[in-house]
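Colleague: I'd like to ask you about the structure that follows.
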Amino acid sequence: MATKNRTVGLQLATTNSTIYTVPNNWDATISSIFVANDSSSPVTFSLDWYDSTSTTFYTIAEKVPMLPNSIIQITDILYLGQGDTIRGLASAVSSVTVSIRMEEGFAPTQF
């Protein structure tokens with residue numbers, strides 16, 4: 001199976017924004033998520049993932065408080081199939097950046 005390593009990132013808004021979507025004919029193993037508070041004020045963030053097979057959102061983190069200029073790392077958490085997404089939001093605009101590191105595997109017959 002062909003694989004590729006990727007990192008994607010997004011600065012969160014106060015409404016849910018999609019950070020990553022697994023491409024068609026691929027699956028993805030999320031190895032780490034870095035969440036950084038880029039501001040000098042305390043903020044909160046929330047993350048969830050969408051399972052396209054069951055059409056259901058599942059919470060990863062809900063209103064997690066972050067100190068000013070801090071970072072949180074979440075590791076070894078998810079295996080996603082094609083069309084699955086990770087999205088997030090923050091309590092303040094332009095304050096929280098999320099970076100996701102994954103390995104994608106080509107799997108056209110799996111889906």
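Values in this text are rule-based calculations from the coordinates and carry no lab data. Because the structure is a prediction, the values reported are computed rather than measured. So basically every Cβ, Gly included, is an ideal-geometry build from the backbone, and we count neighbours across all protein chains shown.
Per-residue answers, yes or no, for (1) of a type in the set (Val, Ile, Thr); (2) in contact (Cβ under 8 Å) with a residue 60 or more places away in the chain; (3) surrounded by 15 or more Cβ atoms within 10 Å (Cβ to Cβ); (4) on the phi < 0 side of the Ramachandran plot:
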position: THR7; (1), (2), (3), (4): yes, yes, no, yes
position: PHE34; (1), (2), (3), (4): no, yes, yes, yes
position: PHE45; (1), (2), (3), (4): no, no, yes, yes
position: TYR50; (1), (2), (3), (4): no, no, yes, yes
position: PRO68; (1), (2), (3), (4): no, no, no, yes
position: ILE71; (1), (2), (3), (4): yes, no, no, yes
position: PRO108; (1), (2), (3), (4): no, yes, no, yes
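Let's see how each residue does on (1) among the hydroxyl-bearing types (Ser, Thr, Tyr); (2) in a strand (DSSP E or B):
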site	(1), (2)
THR18	yes, yes
ASN69	no, no
ILE77	no, yes
GLY88	no, yes
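Colleague: OK, next. Which residue out of SER40, SER52, SER17, SER94 is of a type in the set (S, T, N, Q) and touching a Pro at 6+ places or on another chain (Cβ under 9 Å)? Break it down stepwise before answering.
Modeller: Numbers: SER52 fails: touching a Pro at 6+ places or on another chain (Cβ under 9 Å); SER17 fails: touching a Pro at 6+ places or on another chain (Cβ under 9 Å); SER94 fails: touching a Pro at 6+ places or on another chain (Cβ under 9 Å).
Matching residue, one of SER40, SER52, SER17, SER94: SER40.
Colleague: Considering (1) outside any strand (DSSP E or B); (2) touching a residue at least 60 places away in the same chain (Cβ under 8 Å); (3) of a type outside the set (A, V, I, L, M, F, W, C), say which one SER54 fails and leave the rest.
Modeller: Against the list (1) outside any strand (DSSP E or B); (2) touching a residue at least 60 places away in the same chain (Cβ under 8 Å); (3) of a type outside the set (A, V, I, L, M, F, W, C), SER54 comes up short only on (2).
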